[in-house]
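The values are calculated or read from the model by the stated rules, or taken from the named source; none is laboratory data. Since the structure is predicted, the reported quantities are computational estimates derived from the model, not experimental observations. Positions of Cβ are backbone-derived with ideal geometry, glycine not excepted, and every protein chain shown enters the neighbour counts.
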Amino acid sequence: MVKVATWNVNSVKARLPIILDWLRDFAPDVVLLQEIKCTDDSFPRLEIEELGYNLETHGQKTYNGVAIASKSTIEDVVKGLPGDANDEQARYIEATVFGNLRVASIYLPNGNPIDSEKFPYKLKWMDRLRKHTEACLSADQSYVFAGDYNIIQNDDDVYDATKFAHDALTHPESRGRFRSIVFMGLTDAFRALNNATHQYSYWDYKAGSWQKDNGLLIDHILLSPVAADRLVCSGIDRNPRGKERPSDHTPVWCELTTEAPDHPV
DNA sequence: ATGCCAGGTAACACCTGA
C-alpha cells in the first residue's frame, strides 16, 4: 500500500513541529505540501529527511511554494506548471515516486477578489492545468493530482453557501473549469468513497471557525483511471487542525495498492 | 460595510490568504 496525503501547511517553518509529529504518527508514504512560503535553500530539509523522507521543493520567497516528500526515491521532477514561461508563482511540482506513481502537488490560485486581476489569473491557470492534465492522461499511468485547488465543488462542501455565492471558490467559471478537468476521466479520491456532506479540509483562523466547524472542502485528490483502480480508502485527518499553532488546512489522504492492476492495452 | 487571525518581511506597518 502507498499512503498519499496532501496538506497546505501555511509556512513549513512555522508548522515544522506539527508536521514532524504528524509524519511520525500518520506515517504517510508520500506527502504533497503547499504554501511552504520559503525558498528551496531555506526549506527545513534535515528534520524531515531524518524521518526517512526524500524531498523535492519548488519554493519562492514569502508566498506560495510546493514540495514533495516521499519515503521512496523521487524521480523525473517537473517544477512549475507548463504553459506559461512568464508565470513566476511557485504553485506546481510533479514527480515519480515508488517507481510507477506520478504525483503532482498543486496550489491553485485563490482568485479573490473577482474584480481584480487575480480572478483571470486563476482561470488562465486552470486552463493550463486542464491542458497539462490532458497531456498526462494520454499516457496510461497512475497519476495523483492533489493539492489546494481553491475550489468548492458543491454548495454542501461549505458551511454557509450563501456567504460564498459570489466568491472565486464557487464562481461558475471556476467550477466549470474544475469539472472540465475532472470530466476528462479523473476520480475524486475522497468523494469516491465518502458520501457525507459538510466534510471540510479548511477552517478560517477567524471568528472561531474551527470550533464552530465553519469550514470549506477545497483540498482535493484527483486520480487518473489507472490510479483510481488502485484506490483502497481515503479520508480527511482533522487532528493537525486542532493542535496548537495549526495550519488553517488539514491533510486529505488516500491509500493505493502498491502495484498497478493489469490493464488491457 | 468592515474586521476578525496568522505568517512573512521589514520595520514598529503592510501585504496576502480564502
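When the residues of segment A:228-250 are filtered to those that are among the acidic types (Asp, Glu) and surrounded by 14 or more Cβ atoms within 10 Å (Cβ to Cβ), the one that is nearest to DNA strand B (Cβ to nearest atom) is A:Asp248.
Out of all the residues in segment A:46-104, which are without any contact (Cβ under 8 Å) to a residue 60 or more places away in the chain, polar (S, T, N, Q) and surrounded by fewer than 22 Cβ atoms within 10 Å (Cβ to Cβ)? Hits for segment A:46-104 are A:Asn54, A:Gln60, A:Thr62, A:Asn64, A:Ser72, A:Thr73, A:Asn86, A:Gln89, A:Thr96. Looking only at segment A:16-54, residues that are within 18 Å of the chain's Cα centre (by Cα) and not aliphatic (A, V, I, L, M) come to 8 in all. Residues of segment A:40-59 that are in contact with a helix residue (DSSP H, G or I) (Cβ under 6 Å, 6 or more places away or on another chain) and among the hydroxyl-bearing types (Ser, Thr, Tyr): A:Thr57 alone.
Residues that are surrounded by fewer than 23 Cβ atoms within 10 Å (Cβ to Cβ) and in contact with a Phe, Trp or Tyr (Cβ under 9 Å, 6 or more places away or on another chain) were ranked within segment A:146-164; the one that is farthest from A:Glu35 (Cα to Cα) is A:Asp155.
Hey, among the residues in segment A:165-200 that are in a helix (DSSP H, G or I) and in contact (Cβ under 8 Å) with a residue 40 or more places away in the chain, which one's surrounded by the most Cβ atoms within 10 Å (Cβ to Cβ)? Explain how you work it out, then say what you get.
Filtering segment A:165-200 down to residues in a helix (DSSP H, G or I) leaves A:172-182.
Add one more test, that the residue is in contact (Cβ under 8 Å) with a residue 40 or more places away in the chain, and what stays is A:173-174, A:177-178, A:180-182.
Details: A:Glu173: 14, A:Ser174: 26, A:Arg177: 21, A:Phe178: 20, A:Ser180: 15, A:Ile181: 23, A:Val182: 19.
Taking the candidates together, the pick is A:Ser174.
Hey, any hits in segment A:110-129 for a residue that's surrounded by fewer than 19 Cβ atoms within 10 Å (Cβ to Cβ), among the hydroxyl-bearing types (Ser, Thr, Tyr) and within 22 Å of A:Gly215 (Cα to Cα)?
Looking for residues that are surrounded by fewer than 19 Cβ atoms within 10 Å (Cβ to Cβ), among the hydroxyl-bearing types (Ser, Thr, Tyr) and within 22 Å of A:Gly215 (Cα to Cα), one finds none in segment A:110-129, hence no.
Return the total of residues in segment A:217-227 being under 17 Å from the mean Cα position of the chain (by Cα) and either within 16 Å of DNA strand B (Cβ to nearest atom) or over 21 Å from A:Leu108 (Cβ atoms) (or both). It would help to see each step written out before you state the result.
Applying the first criterion (under 17 Å from the mean Cα position of the chain (by Cα)) to segment A:217-227 yields A:217-224, A:227.
So of that shortlist, the ones also either within 16 Å of DNA strand B (Cβ to nearest atom) or over 21 Å from A:Leu108 (Cβ atoms) (or both) come out as A:217-220.
Of the residues in that region, 4 qualify.
Check whether at least one residue in segment A:7-23 is away from DNA strand B (no atom under 16 Å from the Cβ), over 20 Å from A:Glu244 (Cβ atoms) and not polar (S, T, N, Q), and report yes or no.
Of segment A:7-23, the ones away from DNA strand B (no atom under 16 Å from the Cβ) are A:23.
Those still in the list that are over 20 Å from A:Glu244 (Cβ atoms) too: none.
No: zero hits.
Listed here are the residues, each with its yes/no results for (1) at pLDDT 95 or above; (2) within 16 Å of DNA strand B (Cβ to nearest atom); (3) over 21 Å from A:Ala14 (Cβ atoms); (4) within 16 Å of the chain's Cα centre (by Cα).
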site	(1), (2), (3), (4)
A:His58	yes, yes, no, yes
A:Val66	yes, yes, no, yes
A:Ser70	yes, no, yes, yes
A:Gly80	yes, no, yes, yes
A:Phe98	yes, no, yes, no
A:Pro109	yes, yes, yes, yes
A:Asp115	no, yes, yes, no
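Taking the residues in segment A:106-120 that are touching a Lys or Arg at 6+ places or on another chain (Cβ under 9 Å) and not aromatic (Phe, Trp, Tyr) as candidates, determine which candidate is farthest from A:Ser174 (Cα to Cα). Step through it out loud before you land on a result.
Filtering segment A:106-120 down to residues touching a Lys or Arg at 6+ places or on another chain (Cβ under 9 Å) leaves A:106-112.
From the residues that got through so far, the ones that are not aromatic (Phe, Trp, Tyr) too are A:106, A:108-112.
Numbers: A:Ile106: 15, A:Leu108: 11, A:Pro109: 11, A:Asn110: 10, A:Gly111: 9, A:Asn112: 11 Å.
In this case the residue turns out to be A:Ile106.
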